[in-house]
Structures are given as structure tokens and as C-alpha cells.
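*Asks:* Structure provided below as C-alpha cells; questions to follow.
Throughout, read-outs are computed from the coordinates displayed, never taken from laboratory work. Here the structure is a predicted model, which means the values were calculated and not measured. Note that each Cβ is placed from the backbone with ideal geometry, even for glycine, and that neighbours are counted across all protein chains shown.
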């Protein structure tokens with residue numbers, strides 16, 4: 001039996017994918033993750049100084065700069081988690097990657113629902129956004145459950161994201177009830 005190389009399943013890079021392919025994939029996952037962030041940020045930036053600035057917010061709402069800092073770390077962790085799963089060719093990854101794609105689409109849809117639809121729909125948009133974030137929490141949970149058996153590290157990297165989604169859901173609920 002040949003010795004395990006540093007690039008085998010136990011190492012950072014998988015033996016059956018070249019380092020160039022793996023680096024390109026990681027950059028691709030990071031790019032997709034930060035593109036999702038940038039798209040969501042557009043609607044937030046354009047609406048935060050307006051209706052949201054005057055809205056009633058939960059007493060536990062952190063300062064605005066905290067959101068950008070946390071989300072940057074979470075989007076990076078999500079991308080690395082997806083990459084860790086993607087690189088495990090010996091595992092059945094299709095369901096896990098589908099779950100990841102669904103949660104990314106739900107993630108992308110929350111900001112336009114919460115921030116962008118409020119001027120048109122009022123508080124109904126906040127309740128709709130709460131439904132989106134609940135679906136997002138379920139999708140992230142599914143992603144974690146599917147990632148974990150393929151890569152424990154990937155599953156663990158998604159846990160802070162789920163925690164932040166639940167926290168964000170509490171902020172969303174407060175806004176829906178109090179505006």
C-alpha cells in the first residue's frame with residue numbers, strides 16, 4: 001500500500017485534483033460568496049439611511065459596522081466550507097452542494113425582501129423577510145448536516161453562520177413586531 005501523501009484525503013489538497021484546480025475552485029467559491037454579499041449589500045446601503053434608520057430596532061442590535069465585519073468572516077467561512085466538501089471526490093457531494101446552493105439563494109433573497117420591499121409593502125415585507133430567514137436557517141441546518149459527514153471541518157465552519165442567522169432572525173422578528 002503506498003504511503004499517504006500530503007495531498008491525499010487527509011491533507012489540505014486532494015490527490016486527484018491538481019493544486020491549480022483546487023486554488024481556482026477556492027477562488028471561485030470565495031468569489032461567489034462575496035458576490036452574494038455584494039449584491040445583498042447594494043439594497044442594504046441604499047435603504048439603511050432611509051426607512052431603516054428611523055425604524056424601531058431591537059435593543060440588542062449591534063452597531064452597523066459589526067454587521068459588515070461579521071458577514072465578511074461568515075462569507076469566507078462558507079466559501080471554505082463549500083470548497084472542503086467540493087474537493088472530496090470520493091464522497092457523495094451532490095446533495096450537499098445543492099443544499100449549499102439553496103441556502104446561498106435564500107441568503108441572497110433576504111436583504112431585498114427586508115430592506116428593499118419595505119418601502120412598497122411596509123411591515124408585511126418584514127414578516128415576509130422573517131419567513132425567508134426561517135427558511136434560510138432550515139437550509140443552513142440541512143447544509144451543515146450534509147457537510148458534516150463529508151468534512152467535519154466544513155460542517156463546523158458553517159455553525160457560526162447558523163448562529164448569526166438565528167440572531168438575525170431575532171432582530172427581524174423584533175422589527176416586524178415593532179414597526
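*Asks:* Per DSSP H run of n ≥ 4, the term is -39500 (n - 2.57); total these for the chain, divide by its residue number, and report the mean residue ellipticity at 222 nm rounded to 500 deg cm²/dmol.
*Replies:* Only helices count here, giving -25000 deg cm²/dmol.
*Asks:* Same structure, new question: Calculate the spin-label point distance for residue 163 paired with residue 70, positioning each point 7 Å from the Cα along the beta-carbon direction, and give it in nanometres.
*Replies:* 1.1 nm
*Asks:* When the Kirkwood hydrodynamic radius is evaluated over all pairs of different C-alpha atoms of the chain, what value in angstrom, to one decimal, is obtained?
*Replies:* It works out to 17.4 Å.
*Asks:* On a full-extension model of 0.36 nm per residue, what is the gain between residue 35 and residue 123, subtracting their alpha-carbon distance, rounded to one decimal in nm?
*Replies:* Length difference between fully extended and current span is 28.9 nm.
*Asks:* Taking neighbour Cβ counts within 10 Å as the exposure measure, how do 104, 120 sort from fewest upward?
*Replies:* 120, 104
*Asks:* Highest first, please rank the peptides 61-70, 78-87 by the mean number of other Cβ atoms sitting within 10 Å of their residues. Let's see the in-between values first.
*Replies:* On the way: 61-70: 11.7, 78-87: 23.5.
My ranking of the peptides, most packed first, is 78-87, 61-70.
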